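The values are calculated or read from the model by the stated rules, or taken from the named source; none is laboratory data. Worth saying up front: this structure is predicted, and the values here are computed from it rather than measured. Cβ placement follows ideal geometry from the backbone for every residue including glycine, while neighbour counts extend to all protein chains displayed. To get the accessible areas, we keep the full protein, side chains included, count just its heavy atoms, and leave off ligands, DNA and RNA. Shrake-Rupley method; radii C 1.70, N 1.55, O 1.52, S 1.80 Å.
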Amino acid sequence: MLEPFFIRTVLKKEKVLKRVDPLEVARLSVEKNYTKIHLIDGTVYTVRTSLVNALKNFPPEMFVKTDRAEVVSIFFIDEIAKDHLMMNGKTVNIARSYYKYVVAGINIIE
């Protein structure tokens, strides 16, 4: 079992630490100096940290990088094509140079 981590957030005008279960995190994306943590239920938390720093809270094999600014959890990938993957009915683009990393990060039975 993975240890939960906490995110600093504002809830009803009060700063609080919100507990997040790592197994509920579907993907992480970067926008400038912020990392967005997308949960499987659609909740998104924005934290001021780099993607590299945010990934330190997870096992290294839990995520695969789809482009320079986004990683997805291998637990929520439904399908993988050459240029995109499907996660819970949503399409996530895979940069051309990152396809090999996506495939290398998952178990394939052929």
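When residues of segment 14-35 are filtered for being basic (Lys, Arg) and either under 14 Å from LEU2 (Cβ atoms) or buried (at least 17 other Cβ atoms within 10 Å of the Cβ) (or both), how many remain?
2
Filter segment 17-74 down to residues that are free of Cβ contacts under 8 Å to residues at least 24 places away in the same chain, within 10 Å of the chain's Cα centre (by Cα) and part of a helix (DSSP H, G or I) and give me whichever is farthest from ALA95 (Cα to Cα).
GLU24
Among the candidates LEU51, LEU39, LEU55, which residue alone is of a type outside the set (Gly, Ala, Ser) and touching a helix residue (DSSP H, G or I) at 6+ places or on another chain (Cβ under 6 Å)?
LEU39
Pull up segment 99-110, narrow it to residues that are hydrophobic (A, V, I, L, M, F, W, C) and out of contact with any helix residue (DSSP H, G or I) (no Cβ under 6 Å at 6 or more places or on another chain), then point me to the one that is surrounded by the most Cβ atoms within 10 Å (Cβ to Cβ).
Selected residue: VAL102.
Could you check segment 78-98 and list, in sequence order, the residues that are open to solvent by less than 60 Å² (accessible area, probe 1.4 Å) and not in a strand (DSSP E or B)?
Residues satisfying the conditions are ALA81, ILE94, ALA95, TYR98.
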